[in-house]
1. Just check segment A:28-80 against the gyration tensor rule for me: Cα atoms, a ≥ b ≥ c as the square roots of the eigenvalues, rounded for a/c under 1.5, and otherwise prolate or oblate depending on whether a/b exceeds b/c.
2. Sequence neighbours fewer than 8 away in the same chain don't count; with that in mind, list the lysines whose C-alpha is under 19 Å from B:Lys11.
3. Need one value for B:105-115: mean number of C-beta atoms belonging to other chains within 10 Å of its residues' C-beta atoms.
4. Hey, got a sec? Which trypsin sites (Lys or Arg not before Pro) in segment B:51-118 land in a DSSP loop and have at most 10 other Cβ atoms within 10 Å?
5. Ignore the peptide's own chain and count Cβ atoms of other chains within 10 Å of each Cβ in A:91-101; give me the average, rounded.
6. Shielding of B:44-57 by partners, i.e. mean partner chain Cβ atoms within 10 Å per residue?
7. Distance check, please: which entries in A:Lys68/A:Lys103; A:Lys69/B:Lys57; A:Lys57/B:Lys71 exceed 25 angstrom between their Cα atoms?
8. Please report, in debye to the nearest 20, how large the charge dipole of segment B:35-90 is about its Cα centre when each Lys and Arg carries +1 at its beta carbon and each Asp and Glu carries -1 there.
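Each reported figure results from applying straightforward, stated rules to the coordinates on display, with no laboratory input. Since the model is a prediction, treat every value here as computed from it, not as a measurement. Every residue, glycine as well, gets a Cβ built from its backbone with ideal geometry; the counts of neighbours run over all protein chains shown.
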Amino acid sequence: EDQVTQSPEALRLQEGESSSLNCSYTVSGLRGLFWYRQDPGKGPEFLFTLYSAGEEKEKERLKATLTKKESFLHITAPKPEDSATYLCAVQAMRGYSTLTFGKGTMLLVSP
Amino acid sequence: DTGVSQDPRHKITKRGQNVTFRCDPISEHNRLYWYRQTLGQGPEFLTYFQNEAQLEKSRLLSDRFSAERPKGSFSTLEIQRTEQGDSAMYLCASSYSDRGSGNPDTQYFGPGTRLTVL
């Protein structure tokens, strides 16, 4: 069974204080690993797709990296508007392309 | 591109009533997914359509739940005889993928329908 574990559950940062979120996964054949951002009461917003160990992708203050067992979402010099829950999900090669999500990391950035 | 839309955004109902939600995917997307999310949890897969065919259903999807995607366009999710445990955010996602491709299938989510069962 595919599993995704995210840590920490919650993270509080000061504006400008860089940090990383972790996503550990087990899957029988990785088709893709996805990062989403979710604001309260809204649907997940797509950020990144990764599928090859060593791959990196960047968008503004965010950078996602992938190894064979985990992914990191690095946040550089965060701003209060980066406050949200960040969700990690995996998609297996077998079967259909359903996503298995972790519980997310709730990030709060204070000014 | 208007994105995935869902209607209604909020639904309050009494236990035992039936409810129906609608999802309109991104127009060129051939795959459509339903997920359910409760507070503090990530979304959990419910069911999947490739065009108009329902190809996979989760064990979470009891007999009280039914989904359709007529003509491979919009989809509806109906819950019969609602229970308090059905209270959750119901999310719809869509994607486009070539059949048999091993590439990642990136799914785009709608805003969700928040269901409260009293």
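1. Numbers: a/c = 2.63, a/b = 1.41, b/c = 1.87.
Taking the square roots of the gyration eigenvalues as a ≥ b ≥ c, segment A:28-80 is oblate.
2. Within the straight-line cut-off, B:Lys11 pairs with A:Lys42.
3. Mean inter-chain Cβ contacts per residue within 10 Å come to 5.
4. Passing both the DSSP loop test and the Cβ count: B:Arg59, B:Arg99.
5. 6
6. Averaged over the peptide's residues, the number is 2.
7. Values: A:Lys68/A:Lys103 20 Å; A:Lys69/B:Lys57 28 Å; A:Lys57/B:Lys71 37 Å.
Violating the 25 Å Cα-Cα cut-off are A:Lys69/B:Lys57; A:Lys57/B:Lys71.
8. 40
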